[in-house]
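For reference, the structure is listed below as structure tokens.
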Amino acid sequence: MLDAAMMRKLGCILFVFGLLMLSGCATTVPPRNTQSICQVFDQYPGWYHDALAAQKRWGTPVNVLMAFVQRESDFRGKARPDRPHFLFIPLPRRSSAYGYAQAQDPVWKEYRKENSGWFKSRKNMNNSLDFLGWYTDRIHRELGISKWDPRGLYLAYHEGIGGYRSGEWKHDAHLLQTADVVDNLARNYGAQLKQCR
């Protein structure tokens, strides 16, 4: 039979385990106004520190990183591409993209390997922003695109470095329009950041 001290210890262990299980199920609600970076950071101040840390480490500006996250996932940590259907049967997703940055499995594995991050998660904003910083730094080194050029970086991010080199994106009107949207958002975020408290 367990004594009172052992019962208290067991109770504490079960309580902590329960809290950990609940926190694993919690999801972050997207910001109320994703067009205002000040309001995004007011709602989630930790994200500002995460973005600033990624900027300091990799050199890609906060406004560019956050514009990518807005475009890729609309600030939803568990975002995935839609699953196509044949009649009523769900088919496999066309892409392994997942999380805030919509990082695909192969490049995410490469990032984790290079950055000692086996426990990193695509649904964690800090990890996603660091990934974006790492990948945009790689784009800059391999393609020469400035880290202050949101449009060029987004085209290379979306197509991958090899896809960007192929130049096929130049004939994709929808992608070019999307890159313009990201560029405008990044520039708006940059102007807004100067006004944030």
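The values are calculated or read from the model by the stated rules, or taken from the named source; none is laboratory data. Here the structure is a predicted model, which is why all the values come from computation and not from measurement. FYI the Cβ positions are ideal-geometry reconstructions off the backbone, even for glycines, and counts take in every protein chain you see.
When the helices (runs of 4 or more DSSP H) confined to the range 2-58 are screened for residues that are in contact with a helix residue (DSSP H, G or I) (Cβ under 8 Å, 6 or more places away or on another chain) and at pLDDT 90 or above, those reaching at least 1 such residues are found at 37-43, 45-58. Scanning for something among the β-branched types (Val, Ile, Thr), buried (at least 17 other Cβ atoms within 10 Å of the Cβ) and within 22 Å of SER95 (Cβ to Cβ), does the range 166-180 turn up at least one residue? Among the residues of the range 166-180, not one is among the β-branched types (Val, Ile, Thr), buried (at least 17 other Cβ atoms within 10 Å of the Cβ) and within 22 Å of SER95 (Cβ to Cβ), which makes the answer no. Does ALA54 meet the test of being under 18 Å from GLU159 (Cβ atoms) and out of contact with any strand residue (DSSP E or B) (no Cβ under 9 Å at 6 or more places or on another chain)? So ALA54 fails the test. Can you tell me which residue is surrounded by the fewest Cβ atoms within 10 Å (Cβ to Cβ) among those in the range 93-126 that are polar (S, T, N, Q), within 25 Å of GLY46 (Cα to Cα) and without any contact (Cβ under 8 Å) to a residue 24 or more places away in the chain? The residue in question is SER116.
Rundown of residues vs (1) closer than 20 Å to ALA53 by Cα; (2) of a type in the set (Val, Ile, Thr), yes/no style:
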{"site": "VAL107", "(1), (2)": "no, yes"}
{"site": "ILE139", "(1), (2)": "yes, yes"}
{"site": "GLY144", "(1), (2)": "no, no"}
{"site": "ARG151", "(1), (2)": "no, no"}
{"site": "SER166", "(1), (2)": "no, no"}
{"site": "HIS174", "(1), (2)": "no, no"}
{"site": "CYS196", "(1), (2)": "yes, no"}
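Scanning the range 59-72 for residues that are more than 10 Å from GLY133 (Cα to Cα) and either in contact with a helix residue (DSSP H, G or I) (Cβ under 7 Å, 6 or more places away or on another chain) or crowded, with 24+ Cβ neighbours inside 10 Å (or both) returns ASN63, MET66, ALA67, PHE68, VAL69, GLN70, ARG71.
Among residues that are in contact with a strand residue (DSSP E or B) (Cβ under 9 Å, 6 or more places away or on another chain), farther than 24 Å from GLY190 by Cα, crowded, with 19+ Cβ neighbours inside 10 Å and in contact (Cβ under 8 Å) with a residue 24 or more places away in the chain, TYR135 is not included.
Going by the structure shown, is TYR100 under 29 Å from CYS196 (Cβ atoms) and modelled with pLDDT of 95 or more?
Working: under 29 Å from CYS196 (Cβ atoms): yes; modelled with pLDDT of 95 or more: yes.
Against the criterion (under 29 Å from CYS196 (Cβ atoms) and modelled with pLDDT of 95 or more), TYR100 qualifies.
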